[in-house]
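As structure tokens, the structure follows; a few thoughts come after it.
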Amino acid sequence: MSKTLNIGMIGYGFMGRTHSNGYNRVPNFFPELEYKPVLKAACARNKEALQEFADTWGYESIETDWRELLKRDDIDAVDICVPNNLHGEMAIAAAEAGKMILCEKPLAMDVAEGQKMVDAVEKAGVANTVWYNYRRIPAVTLAKQIIDSGKLGQIFHYRANFLQDWTINADVPQGGAGTWRLDSAAAGSGVTGDLLAHCIDTAIWLNGSISNVSAMTETFVKERVHAETGEKQAVGIDDACAFLCRFGNGSLGLFESTRYARGHKALYTFEINGEHGSLKWDLHDLHRLDYFEYADEAATRGWRSIHVTDNGGEHPYMDHYWVPGLQIGYEHSFLNQVADFLKSLETGEPCGPTFADALETQKVCDAVLASGNDGGWHDV
Ligand SMILES: NC(=O)c1ccc[n+]([C@@H]2O[C@H](COP(=O)([O-])OP(=O)(O)OC[C@H]3O[C@@H](n4cnc5c(N)ncnc54)[C@H](O)[C@@H]3O)[C@@H](O)[C@H]2O)c1
């Protein structure tokens, strides 16, 4: 018999939409799961806009105060889709209220806050996960399976980029709806917490822990008008960041992120080079995984581009979707994470990345920012 999981969604922006889509569609694509999400309540401060969101996505009710949402007995799991400075307070209160938590990334504003969040979910014993959704793109999951099989042999290099170009104009404000990412009080950091955190989560998942880092950060536009006060104020976020690192397995890492790479909207790429082969992936072509295998016959050896769409069990998640050759998209990474979370409730296994896993990413982010400030190498 199916069980329900009543969701309380906080935030109705970009992530509020992707997650709501995931909850709505998961029973269609993963009908075998015991738990079915029910969109019980949506929460945000603007009642009118919230009601429109609730009607669009099928929420049964609304709450304009997140603390009231947490008091409700009919909410099993809280989904935190708000700016970064609110994750900690909401997640700790949700854990204390005994709610399961699905929290957006980055986990926290810094390691100290993240540690309190980890302590809170562990003390309460509530299921938790953080939406580092790129792990659930089938081509990325396939990369994990290939690496774990040992096919690449010893790993030498890991490199990743996440490039955008939307803040080059100095007239873009900081703070407020839509531009909170430029306000360090709301975002904590710039590209490090927003974009590199994704790259770091994927990298740790694929290639293991990061030991130490050396970073370079830059804020190209030093002052911006704050959307809420109308005042020009200093910009506290990193507009761009590049860092070197060593992984625990001895491999070397190279990461770059910026919002000043003219022409790039969301160019997340990674490449991993091992003794016997290499893998590379590009978000703009997300259903493909490029693979080079040195053991191939020399005359025809070369990079092959795997179209990760086979549904006979060869390719992760794809047996839940269409026929071979037909790909899925960005939104399905969230759908897959919802499915994995629901499955974890059946099995009792954690749904990674948990808060504790995401704290590891936060530690790398904090070390990167500290290194960006003082120019030295920092242990993670
Ligand atoms: N996993 C990903 O790929 C990914 C992508 C984008 C954003 N994110 C993360 O998701 C979070 C939200 O980002 P977004 O792009 O959806 O932002 P957004 O600006 O589109 O939406 C933020 C939402 O938070 C709501 N909100 C703000 N303060 C609130 C409060 N006090 N109470 C209730 N609601 C409040 C706003 O009304 C809005 O609905 C951030 O932490 C961000 O880093 C993750």
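The values are calculated or read from the model by the stated rules, or taken from the named source; none is laboratory data. This structure is a prediction, so every number in the text was calculated from the model and none was measured. Cβ sites come from the backbone with ideal geometry, for glycine too, and all protein chains shown count toward neighbours.
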Would you mind finding the one in ALA177, ALA170 that is in the same structural domain as PRO324 (by TED's automatic domain parsing), loosely packed, with under 15 Cβ neighbours inside 10 Å, part of a loop (DSSP other than H, G, I, E, B) and within 13 Å of the ligand (Cβ to nearest atom)?
-> ALA177
Looking only at residues in the range 328-356 that are among the aliphatic types (A, V, I, L, M) and over 18 Å from LEU206 (Cα atoms), which one is surrounded by the fewest Cβ atoms within 10 Å (Cβ to Cβ)?
-> LEU345
Of the candidates THR56, THR4, the one satisfying the condition of being away from the ligand (no atom under 11 Å from the Cβ) and outside any helix (DSSP H, G or I) is THR4
Out of (1) acidic (Asp, Glu); (2) more than 25 Å from ILE328 (Cα to Cα); (3) within 15 Å of the ligand (Cβ to nearest atom); (4) touching a residue at least 60 places away in the same chain (Cβ under 8 Å), the one ASP74 does not meet is (3)
In the range 59-70, which residues are within 9 Å of the ligand (Cβ to nearest atom) and out of contact with any strand residue (DSSP E or B) (no Cβ under 6 Å at 6 or more places or on another chain)?
-> THR64, ASP65
Can you tell me which residues in the range 59-75 are hydrophobic (A, V, I, L, M, F, W, C) and either assigned to a strand (DSSP E or B) or over 21 Å from ALA97 (Cβ atoms) (or both)?
-> ILE62
Here are VAL78, VAL82, VAL121, VAL126: which of them is at pLDDT 95 or above and assigned to a strand (DSSP E or B)?
-> VAL78
In the set GLU96, GLU104, GLU89, GLU122, which member is of a type in the set (D, E, K, R), within 13 Å of the ligand (Cβ to nearest atom) and surrounded by fewer than 22 Cβ atoms within 10 Å (Cβ to Cβ)?
-> GLU89
Selection count, the range 202-220, where residues are in a helix (DSSP H, G or I) and touching a strand residue (DSSP E or B) at 6+ places or on another chain (Cβ under 8 Å) = 5
Go through GLU48, GLU63 for me and flag whichever is more than 23 Å from ASN133 (Cβ to Cβ), of a type in the set (Asp, Glu) and either crowded, with 16+ Cβ neighbours inside 10 Å or not assigned by TED's automatic domain parsing to the domain that holds VAL111 (or both).
-> GLU63
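Here's the yes/no breakdown for (1) assigned to a strand (DSSP E or B); (2) in contact with a Leu (Cβ under 8 Å, 6 or more places away or on another chain):
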| residue | (1), (2) |
| --- | --- |
| ARG224 | yes, yes |
| CYS241 | yes, yes |
| LEU244 | yes, yes |
| GLU256 | yes, yes |
| GLU271 | yes, yes |
| HIS284 | no, yes |
| ASP296 | no, no |
| ILE306 | yes, yes |
| THR309 | no, yes |
Just wondering, is there one or more residues in the range 25-45 that are within 16 Å of the ligand (Cβ to nearest atom) and either in a loop (DSSP other than H, G, I, E, B) or without any contact (Cβ under 8 Å) to a residue 24 or more places away in the chain (or both)?
-> yes
Single residue of the range 8-23 satisfying the filter (among the hydrophobic types (A, V, I, L, M, F, W, C) and surrounded by 19 or more Cβ atoms within 10 Å (Cβ to Cβ)) that is nearest to the ligand (Cβ to nearest atom) = MET15
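Let's see how each residue does on (1) under 29 Å from ALA185 (Cα atoms); (2) in contact (Cβ under 8 Å) with a residue 60 or more places away in the chain:
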residue: GLN233; (1), (2): yes, no
residue: ALA261; (1), (2): yes, yes
residue: HIS264; (1), (2): yes, yes
residue: LEU267; (1), (2): yes, yes
residue: ILE272; (1), (2): no, yes
